[in-house]
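Before any comments, here is the structure.
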Amino acid sequence: MGFENSSPPQALECSRSQRQEESAIASLGDVHFIDVKDATKLRKAGVRTTESLLRLAAARRDRKRLSEETGLPTSTILSWTRCADIMRVKGIGSEYCELLESVGVRTVEALATSDPIVLARTIVDTNHRRRLVRRVPTEAMIASWVERATALRSTVTA
């Protein structure tokens, strides 16, 4: 018995694009600022990816419920959720998110209203002192983040 693909070409194409979108969603294991113990608590509560973190912790009442279920502080869950929100911007992973947070850019809106030149200088200075990332983003990368962030709305409420 051989394998026959009865799916029409459009269905195959859709599957490819879905896989590409899914690959941009980070597993909690890939988010370096969430340690293994905390990631395990989140997984037990049904949070396995940054996308599910956004879905299950975007609102204050949801973060409170998740905090009660996991024993994690709501302030920590808020910080992680904001970072997951910023990680929706193409080119920003967990390390760059942590770098942005260290210079005061904690929301998509804050990134969207940033001056890329000033932000680049601030990032370089901060990373020089704190050594958060090996490769500092270029001014062009930061400008593209700012541009992409303007097209997004934050999914996280205060």
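Looking only at the stretch 23-50, count every residue that is modelled with pLDDT of 95 or more and of a type in the set (Asp, Glu) and tell me the total. Residues meeting the conditions: 1.
Any residue at all in the stretch 121-142 that is modelled with pLDDT under 95, exposed (fewer than 15 other Cβ atoms within 10 Å of the Cβ) and of a type in the set (S, T, N, Q)? Within the stretch 121-142, none of the residues are modelled with pLDDT under 95, exposed (fewer than 15 other Cβ atoms within 10 Å of the Cβ) and of a type in the set (S, T, N, Q). Exactly one residue out of Ser67, Ser102, Ser75, Ser114 is small (Gly, Ala, Ser), surrounded by 21 or more Cβ atoms within 10 Å (Cβ to Cβ) and at pLDDT 95 or above, and it is Ser114. Scan the stretch 97-113 and tell me whether some residue there is among the polar types (S, T, N, Q) and farther than 16 Å from Ala158 by Cβ. Taking every residue of the stretch 97-113 in turn, at least one turns out to be among the polar types (S, T, N, Q) and farther than 16 Å from Ala158 by Cβ.
The values are calculated or read from the model by the stated rules, or taken from the named source; none is laboratory data. Since we're looking at a predicted model, the values are computed, not measured. Every residue, glycine among them, receives a Cβ derived from its backbone with ideal geometry; neighbour counts consider all protein chains shown.
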